[in-house]
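The values are calculated or read from the model by the stated rules, or taken from the named source; none is laboratory data. Worth saying up front: this structure is predicted, and the values here are computed from it rather than measured. Here Cβ is always computed from backbone atoms with ideal geometry, including for glycine, and neighbour counts include all displayed protein chains.
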Amino acid sequence: QVQLVESGGGLVQPGGSLRLSCTASGSISSIRPMGWYRQAPGKQREMVATISTGGITNYATSAKGRFTISRANAKNTVELQMNSLNPEDTAVYYCNLLLTPRYYWGQGTQVTVSS
């Protein structure tokens, strides 16, 4: 079993920054691909950023230049630095991890961008 726990969400004003963190635990023996997704009310879940086992990153167009995904010291901990936030970034943010053949998901953390 794999468990993912996200933290760092909250309320921030437009133009502000937040840093999300996700730690995976359980039956994981090596670094795994991980990513951040988000789901806004009434919308489908969408990819925000992913990072491969080799550190290759991929971003949604809306996240490029504003968000940065990285691995923290622990091998299956990822962070998402979000800058220049705007109201359209408001969503529940989910972390995931690929342990073939399935993806595991965290419970999500709410990010609200509002003045």
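Quick look at the values:
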| item | result |
| --- | --- |
| Long-range neighbours under 6 Å by Cβ, at least six apart or interchain, first residue more than 18 Å from Cys22 (Cβ to Cβ) within region 36-56, second surrounded by 15 or more Cβ atoms within 10 Å (Cβ to Cβ) and polar (S, T, N, Q) | none |
| Cβ pairs under 9 Å, 6+ apart, first in region 3-18 and on the phi > 0 side of the Ramachandran plot, second among the basic types (Lys, Arg) | Gly8/Arg19 |
| Residues within region 89-109 that are part of a loop (DSSP other than H, G, I, E, B) and either more than 13 Å from the chain's Cα centre (by Cα) or over 10 Å from Cys22 (Cβ atoms) (or both), tallied | 5 |
| Of all residues in region 61-74 being surrounded by 14 or more Cβ atoms within 10 Å (Cβ to Cβ) and among the basic types (Lys, Arg), the one that is farthest from Ser21 (Cα to Cα) | Arg66 |
| Gly26 at positive phi and without any contact (Cβ under 8 Å) to a residue 60 or more places away in the chain | yes |
| Matching residues in region 73-115 - criterion: being out of contact with any strand residue (DSSP E or B) (no Cβ under 7 Å at 6 or more places or on another chain) and at positive phi | Ser84 |
| Residue satisfying condition, being surrounded by 13 or more Cβ atoms within 10 Å (Cβ to Cβ), under 16 Å from Val5 (Cα atoms) and polar (S, T, N, Q), within set Thr77, Thr53 | Thr77 |
| Residue satisfying condition, being basic (Lys, Arg), under 20 Å from Met82 (Cα atoms) and buried (at least 17 other Cβ atoms within 10 Å of the Cβ), within set Arg19, Arg38, Arg45 | Arg38 |
| From Ser25, Ser21, Ser70, Ser29, residue being of a type in the set (Ser, Thr, Tyr), modelled with pLDDT under 95 and in a strand (DSSP E or B) | Ser25 |
| Output for region 73-88, where each listed residue is within 25 Å of Arg32 (Cβ to Cβ), of a type outside the set (D, E, K, R) and assigned to a loop (DSSP other than H, G, I, E, B) | Asn73, Ala74, Asn76 |
